[in-house]
Ligand SMILES: [Fe+2]
Ligand SMILES: [Fe+2]
């Protein structure tokens, strides 16, 4: 049956006569309906079989690993683990630990009283630079044996991945970026997510998409998220799954409950990685003061060669109309004072990268590009796109481009590469430090530069 508007317009054009009627009638007159969001559908019940299994780093990544998963309500939570071996004999050597289980009823967008059991544990006393195998279950239903590698205790080369907003059509369209990232850097030590992992803060189905997008990769490579505005509801209130489904380091400002597992820091093989809770930094004056105090301490007493700060709201945006003045004014002086090497961000749904020297405090304007300042990046992994304006601060920009980033860290250098969702190299640069500790940025020839 033809849509009624087609028939009406067809009749109107018929009055004008001729062949236009045929062409017009064959063309859809209304835009295609927006695809249904996962959060518009009935909630998917938690399964008896362990699901949404994820690793997170703790504050001691050479000796510990956090494991979290969920099941249907009522199930026990057990983890078995052993040092992995080349053959199957490790299975007999596995030890069993009981996880913490939070058998919860939470209000999610799709259901007012959603039930699931969230299980988590931190495996402790592990050997550095060692592959472990583990499985999770209730004693009868088990996951497959999964593997991870612990960190070294010293500064040694490693790679990590950085993803911007996945947020929209997470499984259908953002997953290809995540999966291409793992094809390029399958041995990544961990993945950072710079916020807006999902679109509707209280949706459980969207979290289901997010977990499906990474699948077993999340159970083998620690995922290290910072929240975006889409992880917060009005209040602001953090979505009810965040602290249940992740076990992030409680290394934020001491004693500040609101920032637990959203503002955190980890030292990994010569790199200090810091997550700033951008929504609370922007919207809550007391939390901003707490985080500034905490950051000042973390940056002043930092034995690591490299420092990466990551947060959802960009200090320098891809469009001058999207200005985060309050965040920039509070963070930029600290970044400049302590020479933070990289600031990795998201939120603007476009790509931009540039180094910005001390003193540059406006979002737009001349004279921003520098070879020795901190490097700021904005990127997006999912399909939602905003325009990217011509930018005085950026060395490289890209519109309507889904990307992921690999960062190869060693005591000598950090080599950064941005790739598109098809695996094409879009941008590359290298950071080195001189004898005084000043970081220098050199743009590398990426595969498509000069086009
Ligand atoms: Fe976003
Ligand atoms: Fe955002």
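The values are calculated or read from the model by the stated rules, or taken from the named source; none is laboratory data. Since we're looking at a predicted model, the values are computed, not measured. When we count neighbours, we look across all protein chains shown, and the Cβ atoms used for this are built from the backbone with ideal geometry, even at glycine.
Quick notes on this structure:
- Some residue of the range 156-165 being within 26 Å of residue 58 (Cβ to Cβ) and over 23 Å from the mean Cα position of the chain (by Cα): yes
- Qualifying residue in the range 33-45 (condition: at pLDDT below 95, more than 27 Å from the chain's Cα centre (by Cα), surrounded by fewer than 17 Cβ atoms within 10 Å (Cβ to Cβ) and on the phi < 0 side of the Ramachandran plot): yes
- Residue 290 being more than 16 Å from ligand 2 (Cβ to nearest atom), in contact with a helix residue (DSSP H, G or I) (Cβ under 7 Å, 6 or more places away or on another chain) and in contact (Cβ under 8 Å) with a residue 12 or more places away in the chain: yes
- Residue ID - farthest from the chain's Cα centre (by Cα), chosen from residues in the range 428-439 that are at pLDDT below 95 and surrounded by 13 or more Cβ atoms within 10 Å (Cβ to Cβ): 433
Rundown of residues vs (1) out of contact with any helix residue (DSSP H, G or I) (no Cβ under 9 Å at 6 or more places or on another chain); (2) more than 16 Å from ligand 2 (Cβ to nearest atom), yes/no style:
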residue	(1), (2)
228	no, no
252	no, yes
263	no, yes
266	yes, yes
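- Qualifying residues in the range 325-336 (those that are within 16 Å of residue 283 (Cβ to Cβ) and surrounded by fewer than 23 Cβ atoms within 10 Å (Cβ to Cβ)) - the one nearest to ligand 2 (Cβ to nearest atom): 327
- Looking only at the range 189-237, and only at residues there that are assigned to a strand (DSSP E or B) and within 16 Å of ligand 1 (Cβ to nearest atom), the one that is nearest to the chain's Cα centre (by Cα): 193
- Of the residues in the range 203-224, none is closer than 24 Å to residue 124 by Cβ and either at pLDDT below 95 or within 16 Å of ligand 2 (Cβ to nearest atom) (or both).
- Matching option when the condition is closer than 22 Å to residue 269 by Cβ, under 19 Å from the mean Cα position of the chain (by Cα) and in the same structural domain as residue 268 (by TED's automatic domain parsing), among 414, 409: 409
Residues are listed down the side, and each one gets a yes or a no for (1) surrounded by fewer than 22 Cβ atoms within 10 Å (Cβ to Cβ); (2) at pLDDT 95 or above; (3) part of a loop (DSSP other than H, G, I, E, B):
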residue: 250; (1), (2), (3): yes, yes, yes
residue: 273; (1), (2), (3): no, yes, no
residue: 279; (1), (2), (3): no, yes, no
residue: 291; (1), (2), (3): no, yes, no
residue: 295; (1), (2), (3): no, yes, no
residue: 318; (1), (2), (3): no, no, yes
residue: 322; (1), (2), (3): yes, no, yes
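- All of (1) in contact with a strand residue (DSSP E or B) (Cβ under 7 Å, 6 or more places away or on another chain); (2) assigned by TED's automatic domain parsing to the domain that holds residue 132 hold for residue 63 with one exception: (1).
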